[in-house]
Amino acid sequence: MNHFYEIRIEGHLDDGWQDWFDGWTVTQEEDGTTLLSGPVPDQPALYGILRRVRDLGLPLVSVTMSTNNKNHSRTGEEIMNTSNKTTTMNRKMLLSTLWIFAVLNYLYCDVASLMDSSLLKQYLAGNVGGMEINEGFLLAAGILMEISISMVLISRITPYKANRFLNIIAGIITTAVQTATLLFDKPSMYYLFFSIIEISTTAAIVWLAWNWRNTENE
């Protein structure tokens with residue numbers, strides 16, 4: 001059975017601190033303190049929260065256990081809703097961060113290829129591996145890169161269902177394209193290195209989006 005505790009901290013903390021306290025409610029009090037309230041299943045869990053307060057260097061004012069059953073029910077519902085929102089936000093941030101990581105690897109791999117003398121000659125000649133580098137090729141490459149770049153923003157701002165669907169589709173496309181590039185020619189060591197990272201990242205995005213379950217009606 002969960003007990004509900006109220007931990008009072010000196011100073012005001014914003015709602016972003018909920019992530020540090022497993023979705024507990026963060027309330028800014030008029031007296032200049034912050035009230036953290038939420039359910040605790042047992043004493044070790046309470047000690048874990050208090051250790052987190054200590055490790056973050058937050059000045060502790062008081063710790064009390066709530067005894068109002070009506071408040072228990074209300075607070076429990078609030079905590080559950082807050083927890084769902086926090087889980088959703090965490091997943092969005094994780095997916096967006098993975099897209100940023102993938103894009104940075106794409107970009108530096110391209111930079112590294114410009115330092116490859118054999119490829120640089122082909123770039124200047126306008127033909128790489130038998131493929132002509134014309135406006136159509138550059139447009140297609142730009143659209144493909146824009147998919148990954150756009151997903152950085154899309155992962156953060158779109159609702160759950162669209163977010164999940166777009167991450168799965170974009171992840172599959174980018175994973176398939178990058179895998180296919182390895183089949184056209186014998187890749188250099190640096191290209192293989194970056195490709196393994198890129199494919200692993202976009203495959204992880206697909207897996208995370210596929211297994212993303214949200215209890216909110218978004």
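Starting from the stretch 34-63, keep only residues that are touching a residue at least 24 places away in the same chain (Cβ under 8 Å), then list their pairs with residues that are aromatic (Phe, Trp, Tyr) whose Cβ atoms are within a distance under 6 Å, requiring at least 6 positions of separation or different chains.
Sorted first by the residue in the stretch 34-63, then by its partner, the pairs are Leu36/Phe21; Leu36/Trp24; Gly38/Trp24; Pro39/Phe4; Val40/Tyr5.
Hey, among the residues in the stretch 162-203 that are crowded, with 16+ Cβ neighbours inside 10 Å and in contact with a Gly (Cβ under 8 Å, 6 or more places away or on another chain), which one's farthest from Asp110 (Cα to Cα)?
Only one residue tops the list, namely Ala203.
Quick check on this structure: which one of Leu104, Leu119 is within 29 Å of Thr181 (Cβ to Cβ), touching a Ser or Thr at 6+ places or on another chain (Cβ under 7 Å) and either assigned by TED's automatic domain parsing to the domain that holds Ser200 or modelled with pLDDT under 70 (or both)? Steps first, please.
On the way: Leu104 fails: touching a Ser or Thr at 6+ places or on another chain (Cβ under 7 Å).
Residue meeting the stated conditions: Leu119.
Which one is modelled with the lowest pLDDT, of the residues in the stretch 36-93 that are β-branched (Val, Ile, Thr) and closer than 30 Å to Ile205 by Cα? Spell out the reasoning first.
Taking the stretch 36-93 and keeping what is β-branched (Val, Ile, Thr), we get 40, 49, 53, 61, 63-64, 67, 75, 79, 82, 86-88.
Restricting the remaining residues to those that are closer than 30 Å to Ile205 by Cα gives 79, 82, 86-88.
Values: Ile79: 45, Thr82: 48, Thr86: 48, Thr87: 54, Thr88: 57.
Going through the qualifying residues, I end up with Ile79.
For the stretch 20-56: of the residues being in a loop (DSSP other than H, G, I, E, B) and under 26 Å from the mean Cα position of the chain (by Cα), which is surrounded by the most Cβ atoms within 10 Å (Cβ to Cβ)? Even if it seems obvious, please write down each step before you answer.
Filtering the stretch 20-56 down to residues in a loop (DSSP other than H, G, I, E, B) leaves 22-24, 29-32, 41-42, 56.
Now drop any that are not under 26 Å from the mean Cα position of the chain (by Cα), which leaves 22-24, 56.
Values: Asp22: 17, Gly23: 21, Trp24: 25, Leu56: 12.
Here the residue is Trp24.
Just need a number here: residues in the stretch 93-116 that are touching a residue at least 60 places away in the same chain (Cβ under 8 Å) and more than 9 Å from the chain's Cα centre (by Cα). So that I can check it myself, show each step before the final result.
Restricting attention to the stretch 93-116, the residues satisfying the condition of being touching a residue at least 60 places away in the same chain (Cβ under 8 Å) are 93-96, 98-99, 101-102, 105-106, 108-109, 112-113, 116.
Those still in the list that are more than 9 Å from the chain's Cα centre (by Cα) too: 101-102, 105-106, 108-109, 112-113, 116.
Result for the stretch 93-116: 9.
The values are calculated or read from the model by the stated rules, or taken from the named source; none is laboratory data. Here the structure is a predicted model, which is why all the values come from computation and not from measurement. Neighbour counts are summed over all protein chains in view; Cβ atoms, including those assigned to glycine, are modelled from backbone coordinates with ideal geometry.
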